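One structure is given below, encoded as structure tokens.
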Amino acid sequence: LSRIGDELYLEPTESGLSLRAVNSSRSAFAAFLFAPLFFQLYEPGSAGPDTELFRCKVHMKSFLGVFRSLPSLEKSVGKCLMLLKPRASRLVLQLHCKHGVTKTHNLAFQECERLQAVFDTQRCASRLCAPARLLAEAVVHFPPTLAEVTLGTGTGGKISLRNYVEDEAEPSKTMVTELWLAEDEFQSVAVAPGSHITFCLKEFRGLLSFAEASNLPLTIHFDEPGRPVIFTLDDTVLEVHLVLATLSDLESSSQSPSTNGVSHLPAPSDDFADDLESYMAAMETSEGRSEGPPSPTFPLRTPQPAKEEEEEEEEGAVPGTPPHKKFRSLFFGSVMTPGRPGPATTQEVLAEDSDGE
Amino acid sequence: MRFRAKIVDLACLNHFSRIINTIAKLAKTCILRLTVCKLYFILSDKVANGGASMWCELSQGNFFDEFQMEGVAAEHNEIYLEFVPENVWRALKTAQSAKAVKIKLTNKHCPCLRVAVELPSLSSSSRVVTHDIPVGVIPRRMWNDFREPSVPDFDVSIYLPVLKTMKSVVERMKNLSNFIVIEANLSGEMNLKIETDLVSVTTHFKDLGNPLWASEDGCQSSAQGRDLESMAGACIDIKKLQQLLAGQQVNPTKALCNIVHKRIIHFILLHEEVSLQYFIPAIA
């Protein structure tokens, strides 16, 4: 959750404790729902006819600081008590440790509205389910700093992952990595052929390491480009949702179809030009050029993006959150019931970036 | 102009990856020269590189199970490509358990080296990862810029100390100064010196041994008649030296340097299957 946002939202519900986070550009949302059975004792409090169950948000760093070193926690802590004290404005985290030591942390919290992204896995045309390890092995081929990746379905039932190349980047200078996975490596595949979505890798990696650690299979629900992609993990006592905005096709298809705008990602084939005779002929005949080859010097990686994106880098953020101008925000509304929204056409209404350029 | 190669043996793949890693540490971009028998990694001494230059050659037969190359023309059966070695390193880094790695020169939208890694998988078909690495094709008229450098007329030639030791000394010195003086004599003694306003540090090595060079016309080099104790040295950019030493992951069979007093230091690192020469010019 800390990979997504700086604030941790705690929402106790009748069906369990929900921990949620959202990123600053509202393009990533995650919710972990721990069922009452997960806890030794679970009392969500009582909701009257006029009042809802209490919810709040705390600073992610403060919360994480309490659980700083997992290995030593496992050795020394017997029990952990979480207590919301609304009147004292404190969230109490109490660690009962060995040798009679009790550590009590009082975190300040802020009251908040319910944080709920609008999404519906039932309305997604495509679904993939895979062991976390498969996806972790797939993602390892992409550089750690890669921002966005495109997931697509190709011919022969193959699933592909390719690094997304920004429109501003020159195709002749950027390395493109593509990975193909066979259908039978997945636990289940139910996808619309020729579909593809582009999403941000940073938040996904966070969920992936959690899934790997808990050895749970990951399900990916996706639809058309622009509609959010939903990653879910399911367990008897835990339900996890990660919702990411995806790149809308409008922006990408205006560029050359050779990169990620294609709707048909071809399966790997050997039959493209590997004979550069014609290329050489063209080069040799163009005399009088002082530089020889088209691009004598290469930047080390993807070239520095245009000025608009320099703001992101100045914030000190790893280039993981998607460019503000490209990804539409997820729709966050005040939803009456937790979880699934009604069948209304809320999916159509995606909140536009107010600071689009 | 075509190029296709394949590596199947994991040990060869790892070795090749390590070489690419070493090259990537020395040069952001460099030239790959392909001939029928050999691969060369070349960095010419342009100002952009800080004047340092590199020549690394290896026999393709020691690494590739298949190697097919057709140069630009029959009488010039070679290919010169400009590329970013770090990209190739990234592609090979995750191929540690690969069944096979194929490298091919292609021209889909622009000239690229396509590295295709076939990985084992639990399913019936293998997993394939392809990396398209853009390259620049160097036209024939520029090939002269990348000729093999000749061994300079050196004053002293000496074997280097154990590289691990030398590396840790240089790394600590790097914190104190931007420049380092390497000096040595024909009695097997070498000093690494740094000097700043506040401090000067010298590390002395001895009993290193001086290689014997047979020169072409039978007579000895300018080192003949030289006083055995007299030191020849040059002041060089310490970062370049540190990059060279840091890039050596495996101890070379032979490691030596030729010093042209106050001009240039020529490092030669020989492994069984690959040789690396690196020239660092003296700071004026």
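The values are calculated or read from the model by the stated rules, or taken from the named source; none is laboratory data. Quick caveat, the model's predicted, so the values are computed rather than measured. We place every Cβ from the backbone using ideal geometry, glycine too, and count neighbours over all the protein chains shown. The protein model used for the area step is the full one, side chains on, heavy atoms only, and it has no ligands, DNA or RNA in it. Shrake-Rupley method; radii C 1.70, N 1.55, O 1.52, S 1.80 Å.
For the range A:119-134, the Karplus equation 6.51 cos²θ - 1.76 cosθ + 1.60, evaluated at θ = phi - 60°, returns couplings of 7, 8, 5, 5, 8, 8, 6, 10, 8, 10, 10, 9, x, 4, 4, 4 Hz by residue, with Gly and Pro reported as x.
As a size descriptor, the averaged projected area of the C-alpha convex hull of the range B:156-281 was calculated at 8.0 nm².
For the segment B:82-91, counting C-beta atoms of other chains within 10 Å of every residue's C-beta and taking the mean gives 4.
Here the range A:126-247 has 53 percent of its accessible surface on carbon and sulfur atoms, given a 1.4 Å probe and all protein chains in place. When accessible surface is computed with a 1.4 Å probe, chains B and A are found to bury approximately 4000 Å² between them, both chains counted. Here the Karplus relation 6.51 cos²θ - 1.76 cosθ + 1.60, evaluated at θ = phi - 60°, turns the backbone of the range B:64-76 into coupling constants of 9, 7, 9, 8, 10, 9, 10, x, 5, 7, 4, 7, 10 Hz, with x for every Gly and Pro. Here the Karplus relation 6.51 cos²θ - 1.76 cosθ + 1.60, evaluated at θ = phi - 60°, turns the backbone of the range A:67-75 into coupling constants of 10, 4, 10, 4, x, 6, 4, 4, 7 Hz, with x for every Gly and Pro. Interface residues of the range B:131-162, defined as a loss of at least 40 Å² in heavy-atom accessible area between the chain alone and the complex of all protein chains with a 1.4 Å probe, are B:His131, B:Asp132, B:Pro134, B:Val137, B:Pro139, B:Arg141.
Legend: mean number of C-beta atoms from other chains within 10 angstrom of residue C-beta atoms, peptide B:120-126, equals 5. The mean count of C-beta atoms from other chains within 10 Å of the C-beta of residues in A:180-188, rounded to a whole number, is 4.
Given contacts defined as C-alpha pairs under 8 Å and at least six residues apart, what's the relative contact order of chain B, whole-number percent? The normalised contact order for chain B reaches 19 percent.
Packing, as the average of other Cβ atoms within 10 Å across residues, places the peptides B:61-69, A:226-234, A:238-246 in the order A:238-246, A:226-234, B:61-69, highest first. Each peptide among A:31-39, A:80-88 gets the average number of other Cβ atoms lying within 10 Å of its residues, and from highest to lowest they stand as A:31-39, A:80-88. In the context of the full set of protein chains, the range A:126-247 has a per residue accessible area of 32 Å² (1.4 Å probe). For chain B, the longest principal axis of the C-alpha atoms and the axis of helix B:163-174 are separated by about 70°.
Distant-in-sequence amide contacts of A:Arg55, defined by a placed amide H-H separation under 5 Å and a gap of 5 or more residues or a different chain, comprise A:Cys112.
Listed by chain and number, the lysines whose alpha-carbon sits under 22 Å from that of B:Lys46, ignoring those within fewer than 8 places in the same chain, are A:Lys173, B:Lys25, B:Lys28, B:Lys239, B:Lys240, B:Lys262.
For A:Tyr164, the amide hydrogen comes within under 5 Å of the amide hydrogens of A:Glu148, A:Val149, A:Thr150, counting only partners 5 or more places away or on other chains and with H modelled in the peptide plane.
Need one word for chain B: rounded, prolate or oblate. Basis is the Cα gyration tensor (sqrt eigenvalues a ≥ b ≥ c); a/c below 1.5 gives rounded, then a/b vs b/c decides. Prolate is the answer for chain B, as a/c is 1.5 or above and a/b outweighs b/c. Taking amide hydrogens as placed 1.01 Å from N in the peptide plane, the amide H of A:Glu7 sits under 5 Å from those of A:Val22, A:Met60, each at least 5 positions away in sequence or on another chain. In chain B, the calculated helix contribution to ellipticity at 222 nm averages -5000 deg cm²/dmol per residue, counting -39,500 (n - 2.57) for every DSSP H run with n ≥ 4. Name the residue, out of B:Ser230, B:Ser157, B:Ser124, whose mean-square fluctuation peaks in a Gaussian network model built on chain B with Cα pairs under 10 Å. With Cα springs under 10 Å in chain B, the top fluctuation among B:Ser230, B:Ser157, B:Ser124 is at B:Ser124.
Once the chain from B:Ser59 to B:His76 is taken as fully extended at 0.36 nm per residue, the excess over their C-alpha distance is 4.3 nm.
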